[in-house]
Structure formats: C-alpha cells, structure tokens
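For reference, the structure is listed below as structure tokens.
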Amino acid sequence: MEQREDQDQLAQAPSGGDEAGRAPRGPGEHTRLKARALYWRHWTMQQIADELAVPYSTVASWKTRHKWDDAPPIARAAEGTLERYLALIDKDKKTGSDYKEIDLLGRQMERLARIERYREGGNEADLNPKRRHGARAANAKKQEAKNLITPEMAARLRADMEGQLHGRQKGWLLTSTAFRTRMILKSRQIGATWYFARERFLVGLETGKNQIFISASRAQANIFRAYIVQWVQKVCGVTLKGDPIVVQRGAVPGSAEGDPIEALDPFELHFLGTNYRTAQGYHGDVIIDECFWIYGFEELFKVASAMATQKQYSITLFSTPSTLAHEAYPLWSGARYNRRRPKADQVQIDISHEALKEGQLGADGVWRQIVTIHDAVEAGFDLVDPAQLQQQYSLEEFDNLFRCVFLDDSQSMFPFQLMRRCMVDSWDAWAHDFQPYALRPYEGEVWLGYDPNASESGTGDDAALVAVAAPAKIGAKFRVLEKKRLKGLDFAAQAEAVREMHDKYNVTKIGIDVTGAGKAVHQLVSKWFPMAHAITYSVATKTQMVLKAKNVISSGRLEFDAGWLDLMQAFMAIRPEITRGGTQVTYVASRAGDTGHADLAWAVMHALAFEPLDITEPASGGTTVEIFDDA
C-alpha cells in the first residue's frame, strides 16, 4: 500500500520542468513528452524532429517553453523509470526476468518518491521509514544492540563465576575488592588472570567504572580480553566487540512503583601493552598483570596511578616473583613509600609468607597477599599436583615458580637487568612485517633452534622449538617470532613439530642438539632438510654459544615479546660452573634430575650460533676465496 502511494505521488508532481511526471492529456502532448524523453537521453533536436516527424522549430519551442534543461536529475530518472515500468506492464507475455525488473523498478520508484517528498520540505523519516519514530530512538536501539548486557545477564554471570571459584579466589572476591590498592604475589598457574578478568568485568557491570588492563605486551593483555569474551559468550550468548570494548548496561526499573525506567551508563574495557604511555587520558580501575616482570615499572605505575586518581577507582597488581632488583620490589617491600620521608614517618612492612598468607593491609595503604601453590591446593584448588611439580623442577626453580621466592640473579650470565632490554611489545614493535595469525606470519629469513627431550621416549624435561628472524643486515636485530614447548613427544613427533614450523616460515637454517633424542630427530629432519646442523654439546661449544648470546643481548640485538616470561626465566637460569676436573668453566641451568631445563634459552642460542662471533663473516662460517693474478 505504501509503495503504491509513493508511486502515485511520483507520477503526480515531481519538481523540475513544468510538466515533468504528469500523464499526457492527448496525442500532441504524448508526442511532446516522447520528444522530451529523447532529449534527456542526449538526442539532438534534429534527430528528435526526424524520429517523430515534427518540425525542428516545434521541438525547439517545446524545449524552451517547458524548460527541459531546468529539470533536475531526479525528475529525469523518475520519468525514465516510469516509462520502462509501463512498457513492461504492457507486455502480454512476461518472462521471469521481466517480473524481476518490474519489482526492481517499483522499488526504485518508491525511493525516488521518498527523495521527492524530502526535497519538498519533508524530514529524515521520508528517506528512512525506520526513523519515523524519531532519530534518537533509532540510534538508541542501534547502540543497545551492540555489547548489551542486561541486569539479568549480569546476575547470571555473577552466579556462574561464584560457582567456579576455589578457596583463594573466593577470598579475593569477598575480602579484598574494597581496598584501593591490592598487590598479590602468587604461584604460577593458579587461575589469577582468569579470576581478575571476570572480577573486574563484574565490577564494571555493577558500578559502571571503566576497567583498564595493563600487561607487559599487548598479546599478554589480550589474554584478559579472551577470557572475558569467551565467558560472556558462553553464559549470555553475546559476543563482545570493539577496541576498546564499550559495554552497554541496559536499564533498571525506577526505585518506586510508577517511576520511569533508569538507563545505566556504559563502561569501557581497555587492554594495553606498552602503549599505556599514550593512554594517560583514560580513567578507571587499573589491573596490572605480572608487574614483577614489566620493564620500566616505575614509569608504568606513575601512569597507572594517574588513571586511578579519583578515590572511586582502585589499582590491582599481581605477579609471580622475578628478582630482588626489579623496580616493583620497593612497592612490595614498602621501601617506595619510605622514600624521601622523615625517619619518624617511615613504616615497616612484614612481607613474610606467614604474615601475608591470609592477606594484610599495610601501613602504606597497600593490601598484600602471598599465595603459594601449597596455599592454593590447601584452599581447594585441585588442578595441580605439587609433588609432581617438585619432581619436574629443581628446588631453586620450584621455589621461584610455585613458592613465591624471589630470584637472586647475581650469579646468572643473563641477569634481569640485562634481559629486560630484549622485551618488546611485538604487536606494536613488529607490526610492519609480522602478522602472528597469518598463514605466513613473516616473509624474511628465519632460523630454527631446537633443544630436544632428554630421552627418545619423550620423558624428561620439555623440548623447545623457536623461530628466530635472522638479521636483515650486518648488525641488525634477531627477533624470536615464535616458541613452542613440547612435552611427552617421542623423537618422530618432535621431528614433525620441526617440519610444521619449517613450512610456516622461510627457513634457511636449522640447529639441533643431537644429545639424547636429538640425534634421532636430526636424522629425520635431515631427510627433508639436508642442511640441518647437528650441535654436539661440549664445554667449548656451550661456552661459545653462551658468549655469543651474551654479546648479542648486551648489544641490544635480541628481541622477544615482553609477555614471554618463560623465555626470560630460561635465560636467567643459566650460570657458570666449574667442571668436575676443576680446570674449566662451563655453563649450566637449573636442572631437574640429570637433564637440562632452560630449554627455550638453549634453543634460541642454537639459532643465534649461526652468526659467527665476528659478525662481518658470512653466517655459519662461510669461506672466502681470493684469486691472485700471476701477472
């Protein structure tokens, strides 16, 4: 019905030309309209006179008197559309394509009629019927449809989260959320990132406060994002989108019967890596992940404190321990609070496990807690077996990773202060030539390094495989593009893992330690990559690899993603040791049993070793040929 009214109006009075769109009244007028249609199709007046058998002067008179040249494009389009429409309607036998064209022309005439009404003083609803109830209502509906979480959905999310918490997580939810600053020293793999992603999302839903997640790299920060998106999709069937994610909170009924519905303000989720430096205009609750491993923590904390300046906002920090020399340690110990304060105003913070096991608010206003793997298990966390982990890791490693003991890296060949210069936000720093989710992430030359399992059956320490972007020119940087930890694979499966990574990149060199299962892996890899280099460990070989790696790192020529804490820890674990004979210095890592850990570090060094100690020489010790002229 609406379409017919639009078409009738189009035939009655479109503007432009004093007779445009009007039905002909007689044979003479029909000829004149036919002449006008031909003129609008760019026929000349002489061609029109010849075609219609009328004098040239008559055509010229029609053109002038009826102002054919003044007709707007919309009137010309409307006439051509109507003419074609009537021609098809007049056909006795219509084809399928005729009916399709009739439908198309009908819809086109409807659009033209809407435009004509708008030009004659109408409003936006004439162009878009969906806006007849007001542009504001249409815009509001469009916004609410995106990232909308209703109060009912929020209640389901809270119930789902509370039903999955173990003891320590329940404690965080019930006792610590009221504190302005929280700092938690935790064991690895007890679900802290999972928990705080959900906790802060619920806080945003219930209070409307923005939530700002900061990690050492954007890739690490996106772990928070993935946890939130997956959770909301699972519980509510809503896929959160955007960067930042702007969450619409729906509306709630008025406080008293008959009160109008109250619309709730939306809130934003920001996920930042090193780009936090450009985000000082943000405001909201701040969550800092793995704070003891972030390079430049002091600067970051100043920016985070500025974002959370208002008293309604909070700051949450949690991390596994790194070293006593890290910039975050003074905040943990209370020494940061005591700086430049009179001795009488300084505070003493007990940071022992006994004092902080249940959490404690310090005199500096920071609520602190230590959660070891044993604390988590004692509180009901049953996804790990501490006894099994103690068998897998050395005492020193277990203390650092699971008992929250800070490392003393004073004896390390690669202390934290040296390694931190390798840490970059790969999403930003390498965006120009590295796309991690592409089928071919990187087009340049890549070298693979592989440190195999200790035994051919796949038992023992983990195998490690890395892809390292070779320097584009002499003195340029190495970049660790990808790493894999492989556990429980026999030598054939390990060789297949090497092949999969080879097919993914433009690989020109592969270095494999031929100790244990490495010998079998090397034999299989050599069948399809004959130039695979076998590395036989000895005191001299290890010394050369370690010194080469230290030279590369000291020169600022190695980069990897700042979120790869396991790679950082692997390098920090390597230290010098006197051989049993007491005559030589070798380099070892913290070990589980007789086999090596720090496998990722050794794998990287296998790749770095392709570049000679003298970087001006060809890679892998190529030869130089000199030709002498006897003349």
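The values are calculated or read from the model by the stated rules, or taken from the named source; none is laboratory data. As the structure is a prediction and not an experimental result, all values here were calculated from the model. Cβ placement follows ideal geometry from the backbone for every residue including glycine, while neighbour counts extend to all protein chains displayed. Just the protein is used for accessible areas: all its heavy atoms, side chains included, with ligands, DNA and RNA removed. Shrake-Rupley method; radii C 1.70, N 1.55, O 1.52, S 1.80 Å.
Descriptive notes on the structure:
- Taking the conditions (1) among the hydrophobic types (A, V, I, L, M, F, W, C); (2) modelled with pLDDT of 85 or more; (3) open to solvent by 50 Å² or more (accessible area, probe 1.4 Å) in turn, ALA263 satisfies each one other than (2).
- Of the residues making up the range 224-243, just one is farther than 20 Å from GLU152 by Cα, surrounded by 17 or more Cβ atoms within 10 Å (Cβ to Cβ) and without any contact (Cβ under 8 Å) to a residue 40 or more places away in the chain, namely TYR227.
- Here ASN453 meets each of (1) among the polar types (S, T, N, Q); (2) surrounded by fewer than 20 Cβ atoms within 10 Å (Cβ to Cβ); (3) in a loop (DSSP other than H, G, I, E, B) with one exception, condition (2).
- Scanning the range 199-223 for residues that are open to solvent by less than 40 Å² (accessible area, probe 1.4 Å) and either over 18 Å from the mean Cα position of the chain (by Cα) or under 13 Å from ILE149 (Cα atoms) (or both) gives GLU199, ARG200, PHE201, LEU202, VAL203, GLY204, LEU205, GLY208, LYS209, ASN210.
- Residue in the range 13-35 that is open to solvent by less than 70 Å² (accessible area, probe 1.4 Å), among the hydrophobic types (A, V, I, L, M, F, W, C) and modelled with pLDDT of 85 or more present: yes
- Selection of the range 191-227 for residues being charged (D, E, K, R) and part of a loop (DSSP other than H, G, I, E, B) yields only LYS209.
- Of the residues making up the range 48-73, those that are open to solvent by 30 Å² or more (accessible area, probe 1.4 Å) and either within 53 Å of the chain's Cα centre (by Cα) or among the charged types (D, E, K, R) (or both) number 8.
- The range 423-448, residues that are hydrophobic (A, V, I, L, M, F, W, C) and either loosely packed, with under 15 Cβ neighbours inside 10 Å or under 30 Å from PRO386 (Cα atoms) (or both): ALA431, ALA438, LEU439
Listed here are the residues, each with its yes/no results for (1) modelled with pLDDT under 95; (2) closer than 18 Å to MET307 by Cβ.
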site	(1), (2)
PHE201	no, yes
ILE214	yes, yes
ALA221	yes, yes
ALA226	no, no
GLN233	no, no
PRO244	yes, yes
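Residues checked against (1) of a type in the set (Phe, Trp, Tyr); (2) open to solvent by less than 50 Å² (accessible area, probe 1.4 Å):
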site: GLY365; (1), (2): no, yes
site: ILE370; (1), (2): no, yes
site: ASP385; (1), (2): no, no
site: LEU389; (1), (2): no, yes
site: GLN392; (1), (2): no, no
site: LEU395; (1), (2): no, no
site: PHE398; (1), (2): yes, yes
site: CYS404; (1), (2): no, yes
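- Residue, modelled with the lowest pLDDT, within the range 471-480, restricted to residues that are open to solvent by 10 Å² or more (accessible area, probe 1.4 Å) and within 28 Å of the chain's Cα centre (by Cα): ALA472
- Within the range 159-170, restricting attention to residues that are surrounded by fewer than 18 Cβ atoms within 10 Å (Cβ to Cβ) and assigned to a helix (DSSP H, G or I), the residue that is modelled with the lowest pLDDT is GLY167.
- Of all residues in the range 74-97 being of a type in the set (Val, Ile, Thr) and free of Cβ contacts under 8 Å to residues at least 40 places away in the same chain, the one that is surrounded by the most Cβ atoms within 10 Å (Cβ to Cβ): THR81
- Filtered residues of the range 41-62 (kept if closer than 13 Å to THR31 by Cα and of a type outside the set (Val, Ile, Thr)): ALA49, ASP50, GLU51, LEU52, ALA53, PRO55, TRP62
- Number of the condition not met by ARG420 [criteria: (1) on the phi > 0 side of the Ramachandran plot; (2) surrounded by fewer than 22 Cβ atoms within 10 Å (Cβ to Cβ)]: (1)
- With respect to the conditions (1) within 23 Å of ARG188 (Cα to Cα); (2) under 37 Å from the mean Cα position of the chain (by Cα); (3) among the acidic types (Asp, Glu), ASP364 lacks only one, and its number is (1).
- Residue that is farthest from VAL604 (Cα to Cα) [pool: residues in the range 482-494 that are open to solvent by 10 Å² or more (accessible area, probe 1.4 Å) and either in contact (Cβ under 8 Å) with a residue 40 or more places away in the chain or under 28 Å from the mean Cα position of the chain (by Cα) (or both)]: LYS487
- Residue match in the range 311-327 (condition: out of contact with any strand residue (DSSP E or B) (no Cβ under 8 Å at 6 or more places or on another chain), under 26 Å from MET568 (Cα atoms) and modelled with pLDDT of 90 or more): yes
- In the range 521-562, residue farthest from ALA603 (Cα to Cα) [restricted to those that are open to solvent by 20 Å² or more (accessible area, probe 1.4 Å) and of a type in the set (Val, Ile, Thr)]: VAL539
- In the condition set (1) modelled with pLDDT under 95; (2) among the basic types (Lys, Arg); (3) crowded, with 23+ Cβ neighbours inside 10 Å, ARG188 is compliant with all but (3).
- Residue match in the range 350-363 (condition: on the phi > 0 side of the Ramachandran plot, open to solvent by 30 Å² or more (accessible area, probe 1.4 Å) and touching a helix residue (DSSP H, G or I) at 6+ places or on another chain (Cβ under 8 Å)): no
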